[in-house]
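**Q** Structure in structure tokens, see below.
The values are calculated or read from the model by the stated rules, or taken from the named source; none is laboratory data. Since the structure is predicted, the reported quantities are computational estimates derived from the model, not experimental observations. Positions of Cβ are backbone-derived with ideal geometry, glycine not excepted, and every protein chain shown enters the neighbour counts. The protein model used for the area step is the full one, side chains on, heavy atoms only, and it has no ligands, DNA or RNA in it. Shrake-Rupley method; radii C 1.70, N 1.55, O 1.52, S 1.80 Å.
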Amino acid sequence: MAAPLTLLLIVAVTIRAALYRSSLADLISERVEVVSPLTAWKRVVEGLALLDLGVSPYSGDVFHETPLIIYFFHFLVDYAEITFMLADVITAVALYMTVKDYNKQVFRKQKYALEADRYPLDCLELIRSPKEMYYIPLKVAMFYLLNPFTILSCVAKSTCGLNNAVLALFILSTIKGNVLLSAVFLSLATYQSIYPLTLCAAALLYLMQRQYIPVNYRRASFWWFIAQYAFMYLGSLFVIVCLSFFLLGSWDYLPSVYGFILSVPDLTPNIGLFWYFFAEMFEHFRLFFLCVFQINVFFYTIPLSIKLKEHPVFLIFMQLAVISIFKSYPTVGDIALYLAFLPVWSHLHRFLRNIFLVSCVLLTCSALFPVLWHLWIYAGSANSNFYYAITLLFNVAQILLVSDYFYAFLRREHHLTYGLYLKRKDGSEATLVLK
């Protein structure tokens, strides 16, 4: 499998290098679908210029990335293109290793369940074969590296690519069962954009499952493990925050980064749900609806964690999707990360209900984004309503996609427990309804 992965990496790097040298690079770096006020490379360059002049990069309203990012590029600004390509390679390899290890665990559990006769006889066709699972890690790497969203994000030099690399390393560390590295990478991801905090529940559930610690509130081992993980996570976050203060010499970055993410003062159009709504919002209602919108990202963590406590890897996929849909400044790079996991759930295709329609809507919206932007900004024959309408449809399609996979996953698990062909008490065929 090493040779196909190496070939894939070479092809992906070649595509990015060619686009960096083309005239499209400048055009892509200006697209509002690809970069946001948080992740735009132009803003990083302006922050670096201020830093070189001895002025705090957070003194104005231009730079909103974290201090570690600006000091990271302070030394690597001349190698920015290589850095972003390397970030994509690291993400893809981390996802490849993650899925490979996860598939081994799935196959092992499946084998034990078969030997113990836990599956009904009529659902054996739902069992996954080693041959079917063999190429899934490569498909995941391919889905990430060759996804147009990922390529555009890399060519635009959006710092979203670095965030994805950190998240991929967090997922890899969690799947490998390394508690310390999982906590460190999660703290680094949280430091970058707050929202990955919601992945903490999934990480805890997986690590406890791996160490055979039951999810029982009355067990001391349950609370002791949570305390250990919380200590490592909060300790790592504290060290990173203090390091940022040491580098910058002030706490100016806290309102400029986290206040900016939570208060959404910049209403530059993007593919998210915030900008149009708050552009039309009366000021005295702003705080209330801001809280409602921001709570969306965190609200789903508890019910999803309860429902999927036995399946934390699928919970991670769901949480990544929720973050990319409901965060305040999303870009296509955020979407690319959770879309890369779709091959992992290829065995759910027989239970998906709207996959063709949703796929068509996502492709159509992706094509219409630049068209409606041109009609609005340059041609003047449309207005912001047109662009927001396609944005809204794009996000609705994402919600339907994630909901469909959630339904399909739960239905397959139900069949593995009760059988594929369900019967009523009178012997007639039963219909499964998700409530």
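**Q** Which FRET efficiency, nearest 0.05, do residue 364 and residue 299 yield, Cβ-Cβ r, R0 41 Å?
**A** So, using R0 = 41 Å, E works out to roughly 0.90.
**Q** Related question: So how strong a dipole does the stretch 184-329 carry about its Cα centre when Lys and Arg Cβ are +1 and Asp and Glu Cβ are -1, to the nearest 20 debye?
**A** Rounded to the nearest 20 debye, it is 660 debye.
**Q** Using a 10 angstrom cutoff on alpha carbons, build the Gaussian network for the chain and name the most mobile of 133, 232, 281.
**A** Sorting by GNM fluctuation, first place goes to 281.
**Q** For the Cα atoms of the chain, what angle does the longest principal axis make with the long axis of helix 160-176, in degrees from 0 to 90, nearest 10?
**A** The two axes meet at around 30 degrees.
**Q** Now, a different point. Compute the distance in nm between two label points, each set 7 Å from the Cα along the Cα-to-Cβ direction, one at residue 403 and one at residue 385.
**A** Going from the residue 403 label point to the residue 385 one covers 2.5 nm.
**Q** Quick one, which of (1) 195; (2) 299; (3) 176 is the actual volume of the Cα convex hull per residue in Å³ calculated for this model?
**A** Only one listed value fits the structure, namely (3).
**Q** Moving to a separate point now. How are the Cα pair distances of the stretch 206-300 distributed, in percent, across 5 Å bins from 0?
**A** Computed distribution, short to long bins: 2, 10, 13, 13, 12, 12, 14, 13, 8, 3, 0.
**Q** For the stretch 1-128, which whole-number percentage of the solvent-accessible area (1.4 Å probe, protein heavy atoms only) is attributable to carbon and sulfur atoms?
**A** Its accessible area is 65 percent carbon and sulfur atoms.
**Q** What residue among 180, 53, 290 has the largest mean-square fluctuation in a Gaussian network model of the chain, using Cα springs under 10 Å?
**A** Among 180, 53, 290, the largest GNM mean-square fluctuation belongs to 53.
**Q** Could I ask something else about it? Classify the stretch 1-80 from the C-alpha gyration tensor, please: rounded if a/c falls under 1.5, else prolate or oblate depending on whether a/b exceeds b/c.
**A** Taking the square roots of the gyration eigenvalues as a ≥ b ≥ c, the stretch 1-80 is prolate.
**Q** Leaving out ligands, DNA and RNA, and with a 1.4 Å probe, what % of the accessible surface on the stretch 234-393 is carbon or sulfur?
**A** Percent of accessible area from carbon and sulfur atoms in the stretch 234-393: 73.
**Q** Applying 1/(1 + (r/R0)^6) with R0 = 30 Å to the Cβ-Cβ distance of residue 252 and residue 21, what FRET efficiency is obtained, to the nearest 0.05?
**A** Step by step, r from the Cβ atoms, then E = 0.20.
**Q** Just how large is the dipole of the chain about the Cα centre, in debye to the nearest 20, putting +1 at every Lys and Arg Cβ and -1 at every Asp and Glu Cβ?
**A** Taking the Cα centre of the chain as origin, the dipole is about 1760 debye.
**Q** Could you work out the local net charge near residue 182, counting Lys and Arg as +1, Asp and Glu as -1, over the other residues with Cβ closer than 12 Å to its Cβ?
**A** Result for the neighbourhood of residue 182: +2.
**Q** Taking the dipole about the Cα centre of the stretch 1-132, with the C-beta of Lys and Arg at +1 and of Asp and Glu at -1, give me whichever of 49, 64, 105 is farthest to the positive side.
**A** Checking the options against the dipole of the stretch 1-132, the answer is 105.
**Q** Given points 7 Å out from each Cα along the Cα-Cβ axis, report the residue 210 to residue 266 separation in nanometres with one decimal.
**A** 3.6
**Q** Still on this structure: Calculate the tail of P(r) for the stretch 75-231: the fraction of all Cα-Cα distances greater than 23 Å, expressed in %.
**A** Percentage above 23 Å: 51.
**Q** Let me ask another. Run lengths n ≥ 4 of DSSP H only: what is the helix-derived mean residue ellipticity at 222 nm for the chain, with -39500 (n - 2.57) per run over all residues, to the nearest 500?
**A** -21500 deg cm²/dmol
**Q** Structure shown: which of 100/139; 42/157; 111/309; 109/131; 104/307 lie over 19 Å apart, alpha-carbon to alpha-carbon?
**A** Among 100/139; 42/157; 111/309; 109/131; 104/307, the Cα-Cα distance tops 19 Å for 111/309; 104/307.
**Q** Let me ask something additional. With a 10 Å cut-off between alpha carbons and a GNM built on the chain, which of 220, 367, 94 moves the most?
**A** Checking each option, the largest mean-square fluctuation is seen for 220.
**Q** Need one word for the stretch 283-373: rounded, prolate or oblate. Basis is the Cα gyration tensor (sqrt eigenvalues a ≥ b ≥ c); a/c below 1.5 gives rounded, then a/b vs b/c decides.
**A** Note, shape of the stretch 283-373 comes out oblate.
**Q** Over the chain, average the accessible area per residue using a 1.4 Å probe and give it in Å², no decimals.
**A** That works out to 48 Å² per residue.
**Q** Still on this structure, I have one more. Could you work out how far helix 2-20 tilts from the main Cα principal axis of the chain, as a 0 to 90 degree angle to the nearest 10?
**A** 30
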